[in-house]
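Below: the structure, in structure tokens.
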């Protein structure tokens, strides 16, 4: 076996393991009658397994350390449950975003964008011939509940990323400061009342996160400037951004 062939096999094995882990992370956040487990991965869009009961697909773009596309196909029962939720009809793509973000988080510093609804067959066909393709069925009690399919491209060398950052210096992007998150069930949300305190997953003394287009860039302290909130940066955490800042100050 040549060195190049061995390298491609190693890459395929690495991607396969990462996609299965991503499917497990997504499955942990999907509504199902019991815990979801991963079936055998499939590398052909033509035979990718789909859940029954009028399934629906949510597609999204992946960008960051790994780029590509992701498709999450869910059973029709999930769509029906979201349409008839106790808090009113829920947007399926928005409701599935936490599961997509959990899958992307397994792959590294990866952002999920442009999620939308599509027909399952068309969504999977859109992944054809773009890169490495894998689909992982998610099962509950032996019944097919969902399928996570990804087409991914391996990270480019750092030098290429630095060049692209140079081109984006003057591009305006949305900046968000996040002080913490929490996860609640629909039942817990319905039981909220005015004056109740929702505990976040962060200590009062912990720094807040600064996100650019959903990507963590820096951390800092929340301050008040002229009766408006601000953020005093204490740490830059993105490698590429740190390199750029270091180059600028040199």
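Where a number appears in this text, it was derived from the coordinates with a stated rule and is not lab data. Every value quoted in this text rests on a predicted model; they were computed, and no experiment measured them. Ideal geometry is used to build each Cβ from the backbone, glycine not excepted, and the neighbour counts take in all protein chains shown.
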For the stretch 38-158, what relative contact order do you get, as a whole percent, if you take Cα pairs closer than 8 Å and at least 6 residues apart?
-> 39 percent
Checked the stretch 3-153 with the C-alpha gyration tensor, a ≥ b ≥ c its square-rooted eigenvalues, rounded below a/c of 1.5, otherwise prolate if a/b is larger than b/c and oblate if not; verdict prolate
Once fully extended, how much extra length lies between residue 114 and residue 237, figured as 0.36 nm per residue of separation less the alpha-carbon to alpha-carbon distance?
-> 41.8 nm
Once you put a point 7 Å from the Cα of residue 129 and another 7 Å from the Cα of residue 61, both along the Cβ direction, what distance in nm separates them?
-> 2.1 nm
Sorted by packing (mean other beta-carbon atoms within 10 Å per residue), highest first, where do 94-104, 109-119, 182-192 land?
-> 94-104, 109-119, 182-192
Projected label distance in nm at residue 199 and residue 53, using a 7 Å step from Cα toward the beta-carbon = 3.4 nm
